[in-house]
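The values are calculated or read from the model by the stated rules, or taken from the named source; none is laboratory data. Computed from a prediction, not measured in an experiment: that's the story for all the values here. Here the Cβ is made from the backbone with ideal geometry for all residues, glycine too, and neighbour counts use every protein chain on show.
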Amino acid sequence: MAEYEVFDPVDPNDEFKEYSNDRKHRWRNIIILVIIIAVGAYLLTGVYQVGPSEVALVKTFGAYSSTTGPGIHLHLPYPFQSHVIVDVRTINKIEIGFRTTSSGRTTSYVFVEEEAEMITGDQNIISIEAIVQYRVSDPVDYAFNVIQGDDLVKLTSESVLREMVALLELEKVLTTERDKVAMETARRIQEIMNDYEAGIQIENVYLQDVTPPDPVVPAFDDVNNARQDQQTSINEAQRYANDVIPRAEGEAVKILNDAQAYAYEQISKATGEAERFRIMLEEYRKSEEITKNRLILDSIQKMLENSKIKVISEKGDTLNFINIAEVMGDD
Amino acid sequence: MIEMTKMTIWAVTIIIVFLGLFFGLTSFYIVEQTQQAVVLRFGEIKNVRTEPGVYVKAPFIDNVVKFEKRFMIYDIPVERVITFDRRTVLADTYAIWRIEDPKRFIETLGTMEVAMTRIDDIVYSHVRDVIGTYSFSEVLSIQRLKILEEIKKRSVNSLKDFGISIIDVRLKRTDLPQENTQAVYERMKSERYAMAAQLRAEGEKEAQKMKAEADKKVSIIKADAQKEAEIIRGTGEASATNIYSEAYSQDIDFYELQKTTQIYKDSFKNSILVIPNDSPLLKYFYNIK
């Protein structure tokens, strides 16, 4: 079909006429098209899209006139109306003393020494890593009152945190007052943001890492060790006391029991002997003379039995003639 | 002819539209919400616009200079400042400022760059002067707020004439120079080691005390027991003595007899017994004739 058309015989003159007429038409079409495109493009400056966490502030002749929520919207084209988009939901994070650097899947933290190190009230140095979270609470204030909102929060946070730390002693910042520092910092930053009418809401201030500076860490560890050592000494002493006192108590019981036993023995012996005496006395009284003689003779007999050598002498000096050593020798 | 007229109408329309656009663009200007503007006619200030909106100006003749209306941050570079007690601190300050009076601003400073150098000079000199009248420990104390307030007040006064309003001046950092930092570290270390030594010594002390107390308790317990024991023994002996004397007192002669004969029995073991020949024991011995 196309072949026939190509070889269709046409008068050359005629063709020229047709051609010039066609050209004129084509030019007009192009111009109309350009105008339509231009007008269309111009009108498109009035179309805008607002993301789910954002709002758009519409300005009429530069002055703020209304706020619109997420979705596709239309306003008058330039120069009559324009808009600014502000993210009001996302919580922004500011890092003090460190930076998060994420490359692909791995996240790493870089310590920023000059930002982390602060002077405490007792003129020591402490290293603090903190996070400040904030979000835009008033998009109009945020967009029209302040410039570089992020920097503003960052600088204010840094200065407030230092201010707080400078009011406290090192020991307190490290231990008891830590939470209070975070709370007070958040409160104070908020106060300043309100003063600036920055439209910023501080959500949270977290003190991530509160430590002594690296060069003095061993000294701090030593204090902790010393605390352990102290406790160990005390525990050892306690162990000693726990060991020695019950033993002594046991010994005391033994001493008392021995004494009681002794006393009992004494009394028993005495009672027994007294009873024996009484019984014997009773018998003795029945026949006093005989018993007396018997007792004496009995004892003399025993005495004689017991003695090793018996000597009968006329005078008491017989002993002078006996070699005692020889006589008593093999005993 | 008709063709020509048509062409002319087209051309005229286009020219009118372009001229209209051109004049529109040159004789109106928009001041944004975040801006303020000064209208200059051959360098002379004709008008100041601080409210946003659309305004008319004479095309070509009038020149509109726009300025920022929002709060701006000026971060002043770190400077060495000497305190009243001759200690050097690195003061890192920043100022929050805005152009309060665009007319004044353009008259005295002209551009933002000039303004920044001026702010730098003025705020820094106040920082130096004010901190110079306080001691280092005061800079670190609650006084800091007072110092900042004073710097702010002075800066506000000095910059008022330039149409600049200082909203805030704050100290971001007050650090010690490197050489002082080392000294602080050394001091912190020695303080900690001293503390550690004290803790250990206190532990020793406590331990000694506890041991001594335990020893004392042991001695007391034993002594008490000993005392009690002696009393018990004494009581026992006393009772025994009482029992003996009660029994023996019934007949002292018999007691003597019994005891004496008992002594005889018990006390001559393995001894040499010399019996004189006139002993009553031998009275029958010599009777045999």
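Some points to look at:
- B:ILE45 being hydrophobic (A, V, I, L, M, F, W, C) and either crowded, with 18+ Cβ neighbours inside 10 Å or closer than 26 Å to A:PRO79 by Cβ (or both): yes
- Hits in the stretch B:109-134 - residues which are among the aliphatic types (A, V, I, L, M), more than 26 Å from the chain's Cα centre (by Cα) and either surrounded by fewer than 17 Cβ atoms within 10 Å (Cβ to Cβ) or assigned to a helix (DSSP H, G or I) (or both): B:MET112, B:VAL114, B:ALA115, B:MET116, B:ILE119, B:ILE122, B:VAL123
- Contact map, the stretch A:113-124: residues that are under 15 Å from A:SER159 (Cβ atoms) and more than 7 Å from chain B (Cβ to nearest Cβ) paired with residues that are of a type in the set (Lys, Arg) and crowded, with 19+ Cβ neighbours inside 10 Å, Cβ distance under 7 Å, separation 6+ or inter-chain. Pairs shown: A:MET118/A:ARG162.
Conditions (1) closer than 24 Å to B:VAL139 by Cα; (2) buried (at least 18 other Cβ atoms within 10 Å of the Cβ); (3) not aromatic (Phe, Trp, Tyr), marked per residue:
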residue: A:VAL140; (1), (2), (3): no, no, yes
residue: A:LEU155; (1), (2), (3): yes, yes, yes
residue: A:ALA198; (1), (2), (3): no, yes, yes
residue: A:GLN201; (1), (2), (3): no, no, yes
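The rows are residues; the columns are (1) surrounded by fewer than 13 Cβ atoms within 10 Å (Cβ to Cβ); (2) under 52 Å from the mean Cα position of the chain (by Cα); (3) modelled with pLDDT under 90.
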| residue | (1), (2), (3) |
| --- | --- |
| B:ASP168 | no, yes, no |
| B:THR181 | no, yes, yes |
| B:GLU213 | no, yes, no |
| B:LYS217 | no, yes, no |
| B:ALA229 | no, no, no |
| B:TYR255 | no, no, yes |
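- Looking at A:THR45, A:THR106, just one residue is exposed (fewer than 13 other Cβ atoms within 10 Å of the Cβ) and more than 30 Å from B:SER135 (Cβ to Cβ), and that residue is A:THR106.
- Residues in the stretch B:28-41 that are more than 16 Å from B:GLY110 (Cβ to Cβ) and away from chain A (no Cβ under 13 Å): B:ARG41 only.
- Candidates A:ALA226, A:ALA261 - the one that is facing another protein chain (nearest Cβ under 8 Å) and either out of contact with any helix residue (DSSP H, G or I) (no Cβ under 8 Å at 6 or more places or on another chain) or buried (at least 17 other Cβ atoms within 10 Å of the Cβ) (or both): A:ALA226
- Per the conditions (1) among the basic types (Lys, Arg); (2) in a helix (DSSP H, G or I); (3) at the interface with chain A (Cβ under 7 Å from one of its Cβ atoms), the sole criterion not satisfied by B:LYS227 is (3).
- Qualifying positions in the stretch A:198-216 - within 18 Å of A:ASN92 (Cα to Cα), modelled with pLDDT of 90 or more and of a type outside the set (Val, Ile, Thr): A:ALA198, A:GLY199, A:GLN201, A:GLU203, A:ASN204, A:TYR206, A:LEU207
- Residues of the stretch A:229-243 that turn out to be crowded, with 16+ Cβ neighbours inside 10 Å and closer than 26 Å to B:GLU228 by Cβ, as a count: 1
- Number of the condition not met by B:GLU68 [criteria: (1) crowded, with 18+ Cβ neighbours inside 10 Å; (2) within 12 Å of another protein chain (Cβ to nearest Cβ); (3) without any contact (Cβ under 8 Å) to a residue 60 or more places away in the chain]: (1)
- Residue check, A:ALA143 over 30 Å from B:SER135 (Cβ atoms) and touching a strand residue (DSSP E or B) at 6+ places or on another chain (Cβ under 8 Å): yes
- For the stretch A:150-166, the tally of residues that are closer than 19 Å to B:VAL169 by Cβ and either in contact (Cβ under 8 Å) with a residue 40 or more places away in the chain or touching a Phe, Trp or Tyr at 6+ places or on another chain (Cβ under 7 Å) (or both) stands at 9.
- Within the stretch B:183-194, the set of residues being more than 17 Å from the chain's Cα centre (by Cα) and modelled with pLDDT of 90 or more comprises B:GLU186, B:SER190, B:TYR193, B:ALA194.
- Checklist (1) under 24 Å from A:GLN123 (Cα atoms); (2) more than 25 Å from the chain's Cα centre (by Cα); (3) not hydrophobic (A, V, I, L, M, F, W, C) applied to B:SER141, failing item: (2)
- Qualifying residues in the stretch B:135-158 (those that are of a type in the set (A, V, I, L, M, F, W, C) and outside any helix (DSSP H, G or I)) - the one farthest from the other protein chains (Cβ to nearest Cβ): B:ILE142
- The single condition among (1) surrounded by 14 or more Cβ atoms within 10 Å (Cβ to Cβ); (2) modelled with pLDDT of 85 or more; (3) hydrophobic (A, V, I, L, M, F, W, C) that A:LEU304 does not satisfy is (2).
- B:VAL38 being surrounded by 15 or more Cβ atoms within 10 Å (Cβ to Cβ) and either under 55 Å from the mean Cα position of the chain (by Cα) or of a type in the set (A, V, I, L, M) (or both): yes
- B:ALA225 hydrophobic (A, V, I, L, M, F, W, C), in contact with a helix residue (DSSP H, G or I) (Cβ under 9 Å, 6 or more places away or on another chain), under 19 Å from A:GLU273 (Cβ atoms) and at pLDDT 85 or above: no
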